[in-house]
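First the structure, in the form of structure tokens, and then the observations on it.
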Amino acid sequence: MNQQNCCCCGGNQVDERLEKAKEVIQKYKDVKGGLIPVLHQIQNIYGYLPEDVLKIVSQELNVPMSEIYGVASFYSYFSLEPKGEHIIRVCLGTACYVKGAQGLIDRLSKELGIEVGKTTADGKFTLEATRCLGACGLAPVMVIGEKVYGRLTPEDIPNILKEYK
């Protein structure tokens, strides 16, 4: 088992996630086309695809890292960086874009101090730009977790963020 220092208590803590990841890898080791299911399950375990775990995937599945990164960067579901506690998705589909979604992104970037695709230093928020969220009648739209915010203006952003701080 993998031991790591625990930052909260100073002791050692067994990384159960790594053990689960290794089980998943073994389950798909001899399955043709097993890479994507392995990556999906590792993302579910960690919330993203950690490089050290991807190296184990590469070794165990005999798949080059370049191929793993190709798959992980092609599919928008996968993330190579940890996500924040609250994921903010701003729609940049046609209806939302025309009605000012870029202004929402600009204001969120300013308020949070991060660019699209990044996570705040405290791990609280991740900002993502997405295509259609299926709420064109509410344009421009953003979603935080499961909560939908529609007909937004940049001036609405600070009060919405207060709900999550």
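The values are calculated or read from the model by the stated rules, or taken from the named source; none is laboratory data. Not measured: the values here are computed from a predicted model. Counting neighbours? That spans all protein chains shown, and the Cβs are built from the backbone with ideal geometry, glycine included. Accessible surface is based on the protein model in full, side chains and every heavy atom, while ligands, DNA and RNA are left aside. Shrake-Rupley method; radii C 1.70, N 1.55, O 1.52, S 1.80 Å.
Restricting the first member to the range 38-50 and to residues that are within 9 Å of SER79 (Cβ to Cβ), and the second to residues that are open to solvent by less than 10 Å² (accessible area, probe 1.4 Å) and assigned to a helix (DSSP H, G or I), the beta-carbon pairs closer than 8 Å and six or more apart or on different chains are LEU49/LEU39; LEU49/ILE42; LEU49/ALA72.
Of the residues ILE68, ILE114, only one is in contact (Cβ under 8 Å) with a residue 24 or more places away in the chain, under 30 Å from LEU39 (Cα atoms) and either more than 12 Å from the chain's Cα centre (by Cα) or assigned by the TED database to the domain that holds LEU54 (or both); which?
Numbers: ILE114 fails: in contact (Cβ under 8 Å) with a residue 24 or more places away in the chain.
Selected residue: ILE68, the only one of ILE68, ILE114 that is in contact (Cβ under 8 Å) with a residue 24 or more places away in the chain, under 30 Å from LEU39 (Cα atoms) and either more than 12 Å from the chain's Cα centre (by Cα) or assigned by the TED database to the domain that holds LEU54 (or both).
Scanning the range 33-60 for residues that are hydrophobic (A, V, I, L, M, F, W, C) and either surrounded by fewer than 18 Cβ atoms within 10 Å (Cβ to Cβ) or in a helix (DSSP H, G or I) (or both) returns LEU35, ILE36, VAL38, LEU39, ILE42, ILE45, VAL53, LEU54, ILE56, VAL57. Per the conditions (1) crowded, with 18+ Cβ neighbours inside 10 Å; (2) in contact with a helix residue (DSSP H, G or I) (Cβ under 8 Å, 6 or more places away or on another chain), the sole criterion not satisfied by VAL143 is (2). Look at (1) of a type in the set (Val, Ile, Thr); (2) under 12 Å from the mean Cα position of the chain (by Cα); (3) open to solvent by 60 Å² or more (accessible area, probe 1.4 Å) and you find that VAL98 fails only one, number (2). Among the conditions (1) on the phi > 0 side of the Ramachandran plot; (2) surrounded by 13 or more Cβ atoms within 10 Å (Cβ to Cβ); (3) not hydrophobic (A, V, I, L, M, F, W, C), the only one that GLY93 does not satisfy is (1). Based on this model, can you work out whether ILE25 counts as in contact with an Asp or Glu (Cβ under 6 Å, 6 or more places away or on another chain) and part of a helix (DSSP H, G or I)? Criteria met by ILE25. May I ask you to verify whether GLY70 is farther than 23 Å from VAL148 by Cα and either open to solvent by less than 70 Å² (accessible area, probe 1.4 Å) or aromatic (Phe, Trp, Tyr) (or both)? For GLY70, the condition - farther than 23 Å from VAL148 by Cα and either open to solvent by less than 70 Å² (accessible area, probe 1.4 Å) or aromatic (Phe, Trp, Tyr) (or both) - is met.
Only one residue in LEU49, LEU54, LEU61 is at pLDDT 95 or above, of a type outside the set (Ser, Thr, Tyr) and farther than 17 Å from GLU16 by Cα, so which one is that?
One residue alone meets the criteria, LEU61.
Suppose we keep only residues that are assigned to a loop (DSSP other than H, G, I, E, B) and among the basic types (Lys, Arg) within the range 136-165. Which one would you say is nearest to PHE78 (Cα to Cα)?
The initial filter retains those residues of the range 136-165 that are assigned to a loop (DSSP other than H, G, I, E, B), namely 139-141, 145-146, 150-153, 163-165.
Remaining after also requiring among the basic types (Lys, Arg): 151, 165.
Working: ARG151: 29, LYS165: 26 Å.
Taking the candidates together, the pick is LYS165.
Applying a threshold of 9 Å to beta carbon distances and a minimum spacing of six or more residues, or different chains, the list of pairs starting in the range 51-65 at a residue that is outside the structural domain of ASP30 (by the TED database) and ending at one that is of a type in the set (Lys, Arg) and open to solvent by 20 Å² or more (accessible area, probe 1.4 Å) is empty. On the basis of being within 16 Å of the chain's Cα centre (by Cα), among the polar types (S, T, N, Q), over 30 Å from ASP30 (Cβ atoms) and open to solvent by less than 60 Å² (accessible area, probe 1.4 Å), does THR153 make the cut? It is false that THR153 is within 16 Å of the chain's Cα centre (by Cα), among the polar types (S, T, N, Q), over 30 Å from ASP30 (Cβ atoms) and open to solvent by less than 60 Å² (accessible area, probe 1.4 Å).
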